[in-house]
Amino acid sequence: MDLMTNIEEVQLGAQGPSVGRIGLGGMGMSGGYGHADEQESVATVHAALDAGVNLVDTGDFYGMGHNEMLIGRALADRKREDYLLSVKFGALRGPDNSWGGTDARPVAVRNFLAYSLQRLGVDHIDIYRPARLDPNVPIEDTVGAIAEMVQAGYVRYIGLSEVGAETLRRAAAVHPIADLQIEYSLISRGIEDSILPTARELGTSVTAYGVLSRGLLSDSLRGNRTFGAGDFRSFSPRFQGENLAANLRLVDALAAIADAHGTSVAQLAIAWVLAQGRDIVPVIGARTRTRLTEAVDAVAITLSPEELAAIEAAVPADQVAGDRYAPAQMAMLDSES
Ligand SMILES: NC(=O)c1ccc[n+]([C@@H]2O[C@H](COP(=O)([O-])OP(=O)(O)OC[C@H]3O[C@@H](n4cnc5c(N)ncnc54)[C@H](OP(=O)(O)O)[C@@H]3O)[C@@H](O)[C@H]2O)c1
């Protein structure tokens with residue numbers, strides 16, 4: 001396995017840290033897409049750092065602490081300055097794996113942060129962010145509480161997740177926002193109208209997730225269309241019946257371009273997002289070293305304007321079937337309101 005390349009770095013936000021051109025997301029390592037091999041997950045985190053992927057994203061609710069403990073173990077023997085931890089908080093869970101809304105009250109911020117520091121085994125978190133806007137708490141209060149933790153040295157930078165332009169603007173008036181983590185891919189282009197221009201105006205980068213649309217934009221689903229009960233895709237509208245069939249036809253069109261270009265579909269999907277600007281950092285949900293290598297190698301791909309146009313023509317936004325989340329989860333997205 002060749003992971004000798006060190007990818008280039010970009011600055012996150014006008015005042016944020018320097019990060020590798022792609023980041024690594026940990027959600028899939030804690031059951032988001034079915035079973036994950038723990039040893040391979042740790043090896044993937046190590047391989048990411050060795051390749052220059054220094055931004056590692058997690059959430060305290062991924063596997064109810066499992067993901068933070070896994071990442072904490074994986075990074076224990078690494079120098080603290082060699083990696084950046086992005087941590088989401090606020091999503092409430094139940095013992096039966098259910099979801100129970102969002103708590104981003106200032107008192108909850110301090111509580112969640114204390115537990116995350118302990119599970120990760122670190123004395124500070126690099127970028128701390130509420131996973132969703134808490135509809136009962138003004139964003140100024142949540143960001144103000146994190147800013148106090150920045151002052152106290154427990155957090156370095158503040159980020160947001162899945163908020164709309166207006167919320168981002170209000171938050172940035174309280175404290176600089178290094179990055180907005182939000183879904184962005186060839187088939188989820190909703191941020192282009194107002195969220196991305198606002199982020200750019202405010203000096204906030206985008207850390208894009210779902211760049212592979214949870215595996216849809218890759219070769220991995222073309223032969224396998226069944227998902228286990230705990231797998232996000234078992235209830236995501238884009239992965240159901242006719243919707244999935246329609247979306248896989250778009251992937252077939254993309255695969256023809258990928259073949260001609262000598263890349264995989266996943267690499268083309270990553271390269272397309274990378275081409276949208278140096279202020280957009282794809283956070284890839286790789287959970288094996290093989291997938292990670294594929295993603296890292298995509299950083300070197302350059303697409304011409306003609307190739308970008310052909311890729312977009314192969315996946316017209318209006319032909320994508322199904323919302324990116326089920327209705328209850330869509331209702332929690334400030335970015336979609
Ligand atoms: N802020 C938010 O609301 C939010 C929401 C979701 C996720 N996130 C973060 O963003 C990260 C990435 O998002 P995502 O999980 O939605 O993932 P994604 O990167 O769109 O999709 C991951 C899926 O793609 C498949 N895949 C195929 N080829 C791949 C390749 N070369 N590299 C990596 N994966 C490949 C993987 O399948 P196999 O593993 O089966 O090969 C995996 O199931 C998460 O881990 C999490 O940290 C944030």
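Do we have Ile311 as in contact with a strand residue (DSSP E or B) (Cβ under 9 Å, 6 or more places away or on another chain), open to solvent by less than 20 Å² (accessible area, probe 1.4 Å) and over 13 Å from Ser213 (Cβ atoms) here?
So Ile311 does not fit the description; no.
Give the residue that is modelled with the lowest pLDDT, with candidates limited to residues of region 231-263 that are away from the ligand (no atom under 13 Å from the Cβ) and under 20 Å from the mean Cα position of the chain (by Cα).
Residue satisfying both the conditions and the ranking: Phe235.
If I filter region 229-243 for residues that are in contact (Cβ under 8 Å) with a residue 12 or more places away in the chain, open to solvent by 40 Å² or more (accessible area, probe 1.4 Å) and either of a type in the set (D, E, K, R) or at positive phi (or both), do I get at least one hit?
Yes, region 229-243 contains a residue that is in contact (Cβ under 8 Å) with a residue 12 or more places away in the chain, open to solvent by 40 Å² or more (accessible area, probe 1.4 Å) and either of a type in the set (D, E, K, R) or at positive phi (or both).
For region 26-114, which fully contained strands (runs of 3 or more DSSP E) count at least 3 residues that are free of Cβ contacts under 8 Å to residues at least 60 places away in the same chain?
84-89, 91-93
So how many residues does region 93-149 have that are closer than 14 Å to Leu160 by Cβ, charged (D, E, K, R) and open to solvent by less than 20 Å² (accessible area, probe 1.4 Å)?
Qualifying residue count, region 93-149: 2.
Somewhere in region 183-206, is a residue part of a loop (DSSP other than H, G, I, E, B), away from the ligand (no atom under 14 Å from the Cβ) and of a type in the set (A, V, I, L, M, F, W, C)?
No; the residues of region 183-206 include none that is part of a loop (DSSP other than H, G, I, E, B), away from the ligand (no atom under 14 Å from the Cβ) and of a type in the set (A, V, I, L, M, F, W, C).
Quickly run through region 268-285 and pick out the residues that are more than 19 Å from Ile187 (Cβ to Cβ) and in contact with a helix residue (DSSP H, G or I) (Cβ under 8 Å, 6 or more places away or on another chain).
Listed by number, the list holds a single entry, Asp279.
Taking Ala331 as meeting all but one of (1) under 24 Å from Ala131 (Cα atoms); (2) among the small types (Gly, Ala, Ser); (3) in contact (Cβ under 8 Å) with a residue 24 or more places away in the chain, write down the number of the exception.
For Ala331, the failing item is (3).
Would you mention how many residues in region 268-308 are within 12 Å of the ligand (Cβ to nearest atom), within 16 Å of the chain's Cα centre (by Cα) and in a helix (DSSP H, G or I)?
8
Give me a count of the residues in region 14-32 that are open to solvent by less than 50 Å² (accessible area, probe 1.4 Å) and over 21 Å from Ser234 (Cβ atoms).
Number satisfying all stated conditions: 8.
Identify the single condition in (1) crowded, with 17+ Cβ neighbours inside 10 Å; (2) among the aromatic types (Phe, Trp, Tyr); (3) within 16 Å of the ligand (Cβ to nearest atom) that Tyr154 does not satisfy, given that it satisfies every other one.
The single condition Tyr154 does not satisfy is (3).
Take Glu140 and decide whether it is more than 16 Å from the ligand (Cβ to nearest atom) and over 21 Å from Val107 (Cα atoms).
no
Anything in region 183-194 that is surrounded by fewer than 19 Cβ atoms within 10 Å (Cβ to Cβ) and touching a residue at least 40 places away in the same chain (Cβ under 8 Å)? List them, or say none.
Arg189, Gly190 - these are the residues of region 183-194 that are surrounded by fewer than 19 Cβ atoms within 10 Å (Cβ to Cβ) and touching a residue at least 40 places away in the same chain (Cβ under 8 Å).
hydroxyl-bearing (Ser, Thr, Tyr) and touching a residue at least 60 places away in the same chain (Cβ under 8 Å): does that describe Thr207?
yes
I need the full set of residues from region 134-162 which are assigned to a loop (DSSP other than H, G, I, E, B) and either farther than 15 Å from Gly90 by Cα or touching a strand residue (DSSP E or B) at 6+ places or on another chain (Cβ under 7 Å) (or both), in order please.
Asp134, Ala152, Gly153, Tyr154, Glu162
Inside region 33-64, can you point out the residues that are buried (at least 19 other Cβ atoms within 10 Å of the Cβ) and more than 16 Å from Ala286 (Cα to Cα)?
Selection gives Asp60, Phe61, Gly63.
If the requirement is being assigned to a helix (DSSP H, G or I), of a type in the set (Asp, Glu) and open to solvent by 20 Å² or more (accessible area, probe 1.4 Å), which of these qualifies: Asp252, Asp219?
Every option except Asp252 fails the conditions.
Could we say that Arg291 is open to solvent by 70 Å² or more (accessible area, probe 1.4 Å) and touching a strand residue (DSSP E or B) at 6+ places or on another chain (Cβ under 6 Å) here?
No, not satisfied.
Restricting to region 157-182, and then to whatever is open to solvent by less than 10 Å² (accessible area, probe 1.4 Å) and of a type in the set (D, E, K, R), can you tell me which residue is nearest to the ligand (Cβ to nearest atom)?
Among residues in region 157-182 that are open to solvent by less than 10 Å² (accessible area, probe 1.4 Å) and of a type in the set (D, E, K, R), the one nearest to the ligand (Cβ to nearest atom) is Glu162.
The values are calculated or read from the model by the stated rules, or taken from the named source; none is laboratory data. Bear in mind the structure is a predicted one, so any value in this text is a computation, not a measurement. Because the Cβ atoms are built from the backbone with ideal geometry, glycine has one as well, and the counts that use them run over all protein chains shown. Remember, those area values only see protein heavy atoms, side chains included, never the ligands or the DNA or RNA. Shrake-Rupley method; radii C 1.70, N 1.55, O 1.52, S 1.80 Å.
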